Structures are given as C-alpha cells and as structure tokens.
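Here's the structure we're looking at; comments come further down.
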Amino acid sequence: MERLASTELGLRTPVYVVDEAALVQNLSILQGVQQRTGCHILLAQKAFSMFRVYPLIGQYLAGATASGLYEARLAHEEMPGKENHVFCPAYTPEEMEQLVKICDHISFNSLAQLEAHRAVWQGSHASVGLRVNPEHSTQEGHAIYDPCAPGSRLGIRRCDFPNTLPEGVEGLHFHTLCEQDSAPLVETFRAFEETFGSFLSGLKWLNLGGGHHITRQGYDLKALEDLILYIRKKYGVEVYLEPGEAIALNAGFLITTVLDVVQASDMPVLILDASAACHMPDVLEMPYRPPLFGAGEAGEKPCTCRLAARTCLAGDVIGEYSFDKQPQVGDRLVFGDMAIYSMVKNNTFNGMPLPDIALRHTDGRCEVVRRFGYEDFKMRLS
C-alpha cells in the first residue's frame, strides 16, 4: 500500500480511491488466462460495480455477469458490445421480459423457474442454462458464503435433476468457491464431473462461477489453465469464469480521518469518520480485517488502539491495530483492499454519509468520480 500522494491528501474523507494501475495489473493477468486457454472471464458486478471503469475492464475481459436486473442493465448500458450474463435464484415475470432483451446468457436456479419463464426466453436470443449444486464443499467456517453447505438453496442437486437435459438448456453453471485458489476448483470439478459429467457432451457452455482469487500473489495459474484446457478438449464446451474480487483485488483503498480519541478500559479507541457497518460490511460479516497502512497487529508496535466508527452500534468496530505512536485527532488513516465488496454494500445507517468515490489515474492524477450528500440519504427513505 502506498503513501498518500498530494492529490489524495486534498480529498475530503471518507473516500474510496481506486487505483487504475493496480486494476490494469489484475486485468492483464486475467486477460492472459483468456488468451492461453480460450476461456471467457466475466466481471462479477456483485463485488465491484464502479462503472466509471467498465470501458477499461471491457478492453481486457469478455464481459460481465449480474445477480439481477439492475446489474444486468448496468452492464448493458456501461459495457456495450460485451457479453452480459445473469443468474438469480428467482426472477419475476416483469424482470424476465427485460432480461431476455439485454442478456446473452440467463441461468436459472430451478426447473420450476426454467419452465415458469419458458414462454419468454424460448423465443429470445439468450442462451439458457441451469445452476447445479455439486454438493461438494471446500470451505470451512464460512457457511454463509458456501453454496454447497447443507440446506443450500443455490443450485439443483443431482437427485433432483432430470435424466435428460430439459429442452432448450444449453449450459450448466456451478459456483462454490469464496476467495480460494485453483486446487479447490479442480477438486470441485471432479465431483461435478462424476455427478453431472454425462450432460456435458450435449452442452454449449459451462460456467465455473466465481470465488477464484486468480490475481492474488501465489495463485496457481497453471492448475487453473490446465483444468480449463482439459474441459474444452474433452467436452468441446465454452468455459466461463466470473470472478469478482480478482478484478479489483488490492486495487482500492479507503481514506478516513480520526475525529476523536476515547480512552476505554483496555486501550485508546480512535473514532473515525468511516464505519465498518456502513462502509466495509465484510469486516462484520466475514469477519474480515482490512490492512491498514503503517500499522501492525495488536501488540506488534508500541501503541495498540481500537478503531471504531461514530455510529450508535456498539459493535461497529473495525479492529485493533498497533502504531509506532498513537494517531491524533485530524490524522488520516488508509485502509487497503477497499475496492471490493465495499461500494456495492455500503449504506447510510444512522444517517452516515456515503464516502466519495475517486479514481487515481495511471499518471497520478486523482479524479473525484462521485460525491454524495444529504439527498442521497434522504431519497432512499420516502
């Protein structure tokens, strides 16, 4: 993580800053996978929907994938001419009427949904698929993010799948990973191949879903590419991957200001103008500890402080960090890896202002892309 440049020091806080150079570095890695394997890689907008950079992303990737109508519309409008995929556990009739006009691929979560909307999709240009559940979990301790956890509503189990593909179905889709390397994907595909492999020869495409940390340092690219080449050669299907985090991994940060220092019974508490609950919800949901520039783990450096928000939620705590010297009121702190699952999840609980959004260009220039205010809070409530 870099020190703040003079252009960023002038930004009001809190503010998300996306680093264009880091984004390009990630996109180049993903583009390389496409070129070496012939697969199609899509931006999963649920993790990163900063459409200001969609034209840039479109230069490297095959397109985008959506979790519903609004994301599908966003990709259609801001990444024109690229592939536009959508999966949702259930669609309304009104949504389907619009989706078939703007999406290339539509995946259904159940046979009932497939048939409920057949009259609409069957006459469209969209290629239709079904999401399946390989029932092979590779995660531990994160059931909330595990589509293969017992009782999952996501994907059709083999015991509920027909012996022949329903008419019009051209693809299958599974998504089982979360921030994982390629080994769990290979393991999951083998389980999928064992249960659903008999259908592959009759398909046009196979979507391996998201959760692939392809751009993370140390990720085993060769194993991923070998798997894709194996699938394409043996079954003759087009292969899709739809990572979200990998596109903007470590490509953004959140700048916040210390507003007050409160002495708790065990350590100083820095009250920030940024909130875990409002601006980085994964801190509470995962839980997740974002990296902080210049800080260490609790107890690692001379002064340990608890970083918390100015909301009324007692548990709105970002974490405990240690410093060479205690930060003071007015100091700025910089959290890393704040492009993914941050802007897309933020909210205005307690009337907290939404952070501005800025883009650091490759030439070092910092552009404020969006500034939020009171009306953005008010318009959501009545």
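The values are calculated or read from the model by the stated rules, or taken from the named source; none is laboratory data. Keep in mind the model is a prediction, meaning the values are calculated, not measured. All Cβ positions, glycine included, derive from the backbone under ideal geometry; neighbour counts span all protein chains shown. For the accessible areas, the whole protein counts, side chains as well, though only heavy atoms, and no ligand, DNA or RNA atoms are used. Shrake-Rupley method; radii C 1.70, N 1.55, O 1.52, S 1.80 Å.
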*Subset of LYS82/LYS233; LYS46/LYS234; LYS345/LYS378 violating a 20 Å alpha-carbon distance limit*: LYS82/LYS233; LYS46/LYS234
*If you take the square roots of the eigenvalues of the alpha-carbon gyration tensor of the range 43-164 and sort them as a ≥ b ≥ c, do you get rounded (a/c under 1.5), prolate (a/b over b/c) or oblate?*
oblate
*Springs between alpha-carbon atoms under 10 Å, Gaussian network over the chain: tell me which of THR92, THR37, THR311 tops the mean-square fluctuations.*
THR92
*asked:* With a 10 Å cut-off between alpha carbons and a GNM built on the chain, which of GLU367, GLU194, GLU245 moves the most?
replied: GLU194
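Please give the contour-minus-distance gain from ASP260 to ARG118: 0.36 nm per residue of separation, less the Cα-Cα distance, rounded to one decimal in nm.
45.3 nm
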_Need one number: nm distance between label points at GLN217 and LYS233, each 7 Å from Cα along Cα→Cβ, rounded to one decimal._
3.3
*Given that compact globular proteins tend to follow 2.2 N^0.38 Å, what is the ratio of the alpha-carbon Rg of the range 94-238 to that value?*
1.07
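If the convex hull of the alpha-carbon atoms of the range 225-334 is projected onto planes in all directions, what is the mean projected area in square nanometres?
Value for the range 225-334: 9.4 nm².
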*Ranked order, VAL86, VAL24 - accessible area, probe 1.4 Å, largest first*: VAL24, VAL86
*Taking amide hydrogens as modeled 1.01 Å from N in the peptide plane, which residues meet the under 5 Å criterion relative to ALA66, leaving out close sequence neighbours?*
HIS85, VAL86, PHE87
*Mind checking the range 1-83 for GluC sites (Glu not before Pro) that DSSP puts in a loop (not H, G, I, E or B) and that have at most 14 other Cβ atoms within 10 Å?*
GLU2
*Kindly report the accessible area of the range 216-341 per residue (heavy atoms of protein chains, probe 1.4 Å, no ligands, DNA or RNA), in Å².*
42
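By how many nm would the segment from GLU194 to GLN98 grow when fully extended, if each residue of separation counts as 0.36 nm and the alpha-carbon distance is taken off?
Numbers: separation 96, 0.36 × 96 = 34.56 nm, distance 3.61 nm.
Going from the current span to full extension adds 30.9 nm.
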*Would you pull out the residues with amide H under 5 Å of ALA358's amide H, same chain only if 5 or more places away, H placed 1.01 Å from N?*
TYR16, VAL17, VAL18, VAL369
*Potential extension, HIS361-PHE51 segment - 0.36 nm per residue separation minus Cα distance*: 110.1 nm
*asked:* Going by Cα centres, the range 259-283 and the range 49-99 are how many Å apart?
replied: 36
*For the range 55-95, what does the alpha-carbon gyration tensor say about shape, rounded, prolate or oblate, given a ≥ b ≥ c as the root eigenvalues, a/c under 1.5 as rounded, and a/b over b/c as prolate?*
prolate
*Accessible area in the full protein assembly, largest first, 1.4 Å probe, for TYR60, TYR219, TYR374*: TYR374, TYR60, TYR219
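How do the peptides 249-257, 130-138 rank, highest first, by the average count of neighbouring beta carbon atoms within 10 Å per residue? Display every interim value, and only then the final one.
Numbers: 249-257: 25.0, 130-138: 21.2.
Ranking, from highest mean packing down: 249-257, 130-138.
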_For the range 112-173, the fraction of alpha-carbon pairs in successive 5 Å shells from zero, as %_ = 4, 15, 24, 20, 15, 12, 8, 3, 1
*What accessible surface, in Å², does a 1.4 Å probe find on CYS278, ignoring ligands, DNA and RNA and rounding to the nearest 10?*
0
*Using a 1.4 angstrom probe on heavy atoms only, work out the carbon and sulfur share of the accessible area of the chain in %.*
51
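Grab the other residues whose beta carbon is less than 13 angstrom from that of VAL53, score K and R as +1, D and E as -1, and report the net.
-1
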*From the Cα gyration tensor of the range 166-208, with a ≥ b ≥ c the square roots of its eigenvalues, which class applies: rounded if a/c is under 1.5, or else prolate if a/b is larger than b/c, or else oblate?*
prolate
*Among (i) 19.9, 62; (ii) 23.4, 83; (iii) 22.2, 67, the entry that matches Rg and Dmax of the Cα atoms in Å as calculated here*: (iii)
